[in-house]
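I have placed the structure first, in the form of structure tokens, so that the comments after it can refer back to it.
The values are calculated or read from the model by the stated rules, or taken from the named source; none is laboratory data. Quick caveat: nothing in here was measured; it's all calculated off a predicted structure. All Cβ positions, even for glycine, are placed from backbone atoms using ideal geometry, and neighbour counts span all protein chains on display. The area values use the complete protein model at the heavy-atom level, side chains included, leaving out ligands, DNA and RNA. Shrake-Rupley method; radii C 1.70, N 1.55, O 1.52, S 1.80 Å.
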Amino acid sequence: MIAANRVFKWYGMLGVLCGLVACTDAGNSASKDATAKQSLQQHVITSLQSLDKAKLKDLGFAPPYDIVAKKFESDYEVQVISLAEEEDTGLRARVRVTGSMQDPRSELWLTEVVRLNFIRPNGQGDWKLITYQGQIENYLAQAIPGRNIAALPDPVQAYLKSAFATLPAKELNPASQ
């Protein structure tokens, strides 16, 4: 009976230790997430929000247009869609910038959503803008195999790319091109 009590005592202590280790890992994970979010906010979101709005509008990408009020909003909508750590590459983030572009046929300013993919290799250093066949977006890149379809005019893409260090997707994973 005494031996059984000792075994239960040891298992109980082991259970408590396992619980403490699990809580510590969860705390580390939460602090890593907070650090990643803070870094993304400081380096990516702040850079996007500081872009010259007048220049972007001149290049063809304006803040969202309110059709009812017949005026442009004061700023672009910038949202973090996802932020995740990938074992083999580092931290990845997807950011959506909502603005408007003028339809050449109707001359109406229509909503345009730009999706930017960023990586912080190995979770260290600066965030880099991922490019796909030289473009900043890839959701239309596979529409016609071997051809790159860009949703944004080249000057807008060039200006957005000038705000960040870029990294071609093929350098991360040859299959992502």
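Things worth noting here:
- Filter pass, residue 132 being at pLDDT below 90, among the aromatic types (Phe, Trp, Tyr) and open to solvent by 50 Å² or more (accessible area, probe 1.4 Å): no
- Failed criterion for residue 139 (all others in (1) among the hydroxyl-bearing types (Ser, Thr, Tyr); (2) over 24 Å from residue 46 (Cβ atoms); (3) at pLDDT 90 or above hold): (3)
Yes or no, residue by residue, for (1) among the charged types (D, E, K, R); (2) open to solvent by 40 Å² or more (accessible area, probe 1.4 Å):
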position	(1), (2)
67	no, yes
75	yes, yes
82	no, yes
85	yes, yes
96	yes, yes
99	no, no
102	no, yes
123	no, no
126	yes, yes
